[in-house]
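Student: Dropping the structure in here first, questions after.
Nothing in this text is a laboratory measurement; each read-out follows from the coordinates by a stated rule. The structure presented is a predicted model; accordingly, all values stated were derived computationally and were not measured. Ideal geometry is used to build each Cβ from the backbone, glycine not excepted, and the neighbour counts take in all protein chains shown.
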Amino acid sequence: MTAKDKVTILVDGDIFIYQASAAAEKPIQWDEDLWTLNSSLDEATAIFTQKLESAVEEVLEYVTSCTDYDIIIALSSPDGTNFRKDIYPDYKSNRKDKRSPLVRKALYDYVLNNYNTFSRPHLEADDVLGILATSPYIVESAHKVIVSSDKDFKTIPGHHYNMDKKEQFIILPSESAYWHMYQTLTGDTADGYPGCPGIGPKKAEALLPEPMFRDTPDEYYSKAWPIVLEAYKKAKLGEEFALTMARLARICQRDDYNFKEKAVLLWQPPALLLLTQEE
């Protein structure tokens, strides 16, 4: 079996683990005013396995050109490091009071030790998926499919399957750049970064140019980034803040991580743009 015959299914392990561990929790009433919350790792493991098997079956219904498959489960860094918190300490600070499912960490360890997983220091599972999906060297496969339900994945070019909505879609390279700039403007309340004040989805859509089929990401950025900068300047926020928002919104791709140094290479606007702005 050659790589040309295979589809590699890239799974968002963080979401699968969270959903499975949350679903395994059961409240028990001991008395009229006494309840406890209980959870079983065995049950969480069974739910995880069932969800994974279902997702694989659904993906294979769409990808009929390949006769075999591999699964790689992407996980956030085991040591908890996150480059986004380094550049913006308030990143996901809105979640600090939210309780994690009881067996989430135990299920993470189980998946780490029993499945084909991929994680790297400072990266979230999103970034791992973005790197694996866009690199022709790490994963040699005729077809790669990202499986997640995270809306942020529109910033990654490639074939996607939304496991919650049961739908597949393709994101072109120019479209991924569009969604990156869109997220830079609108921010993400779920992840706790604001974007540009006063700009919501409708205004972002009105401001940004449509991505053209033949545009490379850099060609699209060369048109969209000045618009994004101008919006931040009108909001009395500088280029540095705009760039920080863009780096938060960027899900890492093939050239955004130095594996030797175990370090993220922060997103920069196209070099031509930087030269133009300096003049």
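Student: Please work out the FRET efficiency for the pair Lys98 and Arg214, using the Cβ-Cβ distance as r and a Förster radius of 51 Å; give the result to the nearest 0.05.
Tutor: Computed FRET efficiency for Lys98 and Arg214 comes out at 0.75.
Student: In whole angstrom, how far apart do the alpha carbon centroids of region 124-177 and region 237-262 sit?
Tutor: Distance between centres, Cα-based: 18 Å.
Student: Where does the chain land at 222 nm, in deg cm²/dmol rounded to the nearest 500, when only DSSP H runs of n ≥ 4 count, each adding -39500 (n - 2.57), divided by all residues? Kindly include the intermediate steps, with their values, before the conclusion.
Tutor: Working: 10 runs with 117 residues, N = 279.
Estimated from H runs of four or more residues: -13000 deg cm²/dmol.
Student: Further question on the same structure: Going by the alpha-carbon gyration tensor, a ≥ b ≥ c the square roots of its eigenvalues, is region 1-111 rounded (a/c under 1.5) or, if a/c is not under 1.5, prolate (a/b greater than b/c) versus oblate?
Tutor: oblate
Student: Between Lys26 and Lys260, what length comes free when the chain is fully extended (0.36 nm per residue of separation minus the Cα-Cα distance, one decimal in nm)? Show your work: numbers first, answer last.
Tutor: Working: separation 234, 0.36 × 234 = 84.24 nm, distance 4.41 nm.
Extra length available between Lys26 and Lys260 comes to 79.8 nm.
Student: Turning to a different aspect of this structure: For Lys26, go through the aspartates and glutamates and keep the ones whose alpha-carbon is under 20 Å away, minus same-chain ones fewer than eight residues off.
Tutor: Correct list for Lys26: Asp42, Glu43.
Student: Please list, ordered by chain and number, the residues whose modelled amide H lies under 5 Å from the amide H of Tyr69; skip anything fewer than 5 residues away on the same chain.
Tutor: Result for Tyr69 returns Val7.
Student: Now, a different point. Students often check this: by mean Cβ neighbours within 10 Å, which of 131-143, 24-36 ranks highest, and how do the rest follow?
Tutor: 131-143, 24-36
Student: Kindly flag which residue pairs out of Lys51/Lys165; Lys154/Lys262; Lys85/Lys262; Lys203/Lys234 have an alpha-carbon separation exceeding 18 Å in this structure.
Tutor: Where the Cα-Cα span goes over 18 Å, the pairs concerned are Lys154/Lys262.
Student: Given the chain, what percent of its DSSP beta bridges are antiparallel, to the nearest 5?
Tutor: 40
Student: With the crude spin-label approximation of a point 7 Å out along Cα→Cβ, what separation in nm comes out for Asn38 versus Lys202?
Tutor: Those two pseudo-labels are separated by 5.1 nm.
Student: Now, a different point. Using 7 Å Cα-to-Cβ label points, what is the Asn116/Lys233 separation (nm, one decimal)?
Tutor: 5.0
Student: I want to verify a result. In a Gaussian network model of the chain, Cα cutoff 10 Å, which of these has the top mean-square fluctuation: Lys92, Lys202, Lys233?
Tutor: Residue with maximal mean-square fluctuation among Lys92, Lys202, Lys233: Lys202.
Student: What nm value, rounded to one decimal, do you get for the distance between Ala46 and Phe241 when each label is placed 7 Å out toward the C-beta?
Tutor: Using points 7 Å along Cα→Cβ, the separation is 5.2 nm.
Student: Still on this model: First measure r as the distance between the Cβ atoms of Asp109 and Ser54, then evaluate 1/(1 + (r/R0)^6) with R0 = 22 Å and state the FRET efficiency to the nearest 0.05.
Tutor: Details: r = 23 Å, r/R0 = 1.04.
E between Asp109 and Ser54, to the nearest 0.05, is 0.45.
Student: Given axes a ≥ b ≥ c from the Cα gyration tensor, I'd like to know whether region 173-279 is rounded (a/c under 1.5), prolate (a/b larger than b/c) or oblate.
Tutor: Rounded.
Student: Taking θ = phi - 60°, what integer Hz values does the Karplus form 6.51 cos²θ - 1.76 cosθ + 1.60 yield along region 171-184, in sequence order, with x for Gly and Pro?
Tutor: After applying 6.51 cos²θ - 1.76 cosθ + 1.60, I find 10, 7, x, 5, 5, 5, 5, 4, 5, 5, 5, 4, 5, 4 Hz.
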